[in-house]
Amino acid sequence: MSSPCQDKVSIFWDFENCQPSSGVDACALTENIRRIAHRFGQVTSFKAYIDLALLSRNARPAAFRAQLQASGVLLIDTPHHNKKEVADKVMIVDMMAFALENQPPATVILITGDSDFAYLVSVLRFRLYRVVLITPRTLSTVKTLACVTLDW
């Protein structure tokens, strides 16, 4: 088994279901998440899934998005177009692609406030992937399934 410093880590952030409080500095927030991720290995990708048009309408400043991008976060635009769970579906495909491209030991860090990822977390764990969940305290279903759970 490789040491944690050599393991691959990918971060998947369900931004719509786990948004930072207004006024939070995006660079500082990203650095805190990165610091957590480095405990598990080398970060190969950091993706945030969001409907950018919706984000703009919710008065989240463009500077916040620019700070996220400057901090190395890849913003994945998931426009809803009157469809449900668009971001969830894209995230699930991306997490499975990460698993296909990176044999265990590898770590998936999932930032979400959504319990829809419970089955995926279980499947990844059965296949020996480490799953770290960063979530609001209110989400209990997925918390028990992850290897490590941290409060958002």
Select from region 1-29 the residues that are β-branched (Val, Ile, Thr) and closer than 23 Å to GLU101 by Cβ and write down the one among them that is nearest to the chain's Cα centre (by Cα). ILE11
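Out of the residues in region 69-111 that are charged (D, E, K, R) and closer than 19 Å to VAL132 by Cβ, which is modelled with the lowest pLDDT?
ASP88
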Report, by residue number, each residue of region 32-89 that is in contact (Cβ under 8 Å) with a residue 60 or more places away in the chain, part of a helix (DSSP H, G or I) and aliphatic (A, V, I, L, M). ILE33, ILE36, ALA37, ALA87
Residue under question is PHE98, and the condition is that it be crowded, with 16+ Cβ neighbours inside 10 Å, closer than 29 Å to GLY23 by Cβ, aromatic (Phe, Trp, Tyr) and touching a residue at least 24 places away in the same chain (Cβ under 8 Å); does it hold? no
Considering each of ILE50, ILE33, ILE92 in turn, give the residue that is over 20 Å from ALA106 (Cα atoms), among the β-branched types (Val, Ile, Thr) and out of contact with any strand residue (DSSP E or B) (no Cβ under 6 Å at 6 or more places or on another chain). ILE50
Among the residues of region 103-121, which ones are charged (D, E, K, R) and touching a residue at least 40 places away in the same chain (Cβ under 8 Å)? ASP114
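Per-residue answers, yes or no, for (1) on the phi > 0 side of the Ramachandran plot; (2) buried (at least 17 other Cβ atoms within 10 Å of the Cβ):
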{"site": "CYS5", "(1), (2)": "no, no"}
{"site": "PHE15", "(1), (2)": "no, yes"}
{"site": "GLY23", "(1), (2)": "yes, no"}
{"site": "GLU31", "(1), (2)": "no, no"}
{"site": "VAL43", "(1), (2)": "no, yes"}
{"site": "PHE46", "(1), (2)": "no, yes"}
{"site": "HIS80", "(1), (2)": "no, no"}
Are any residues in region 119-147 assigned to a helix (DSSP H, G or I) and more than 18 Å from GLU16 (Cβ to Cβ), and if so, which ones? TYR119, VAL121, SER122, VAL123, LEU124, ARG125, PHE126
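The values are calculated or read from the model by the stated rules, or taken from the named source; none is laboratory data. All values reported here derive from a predicted model rather than from experimental measurement. Positions of Cβ are generated from backbone atoms using ideal geometry, with glycine treated the same way; all protein chains shown enter the neighbour counts.
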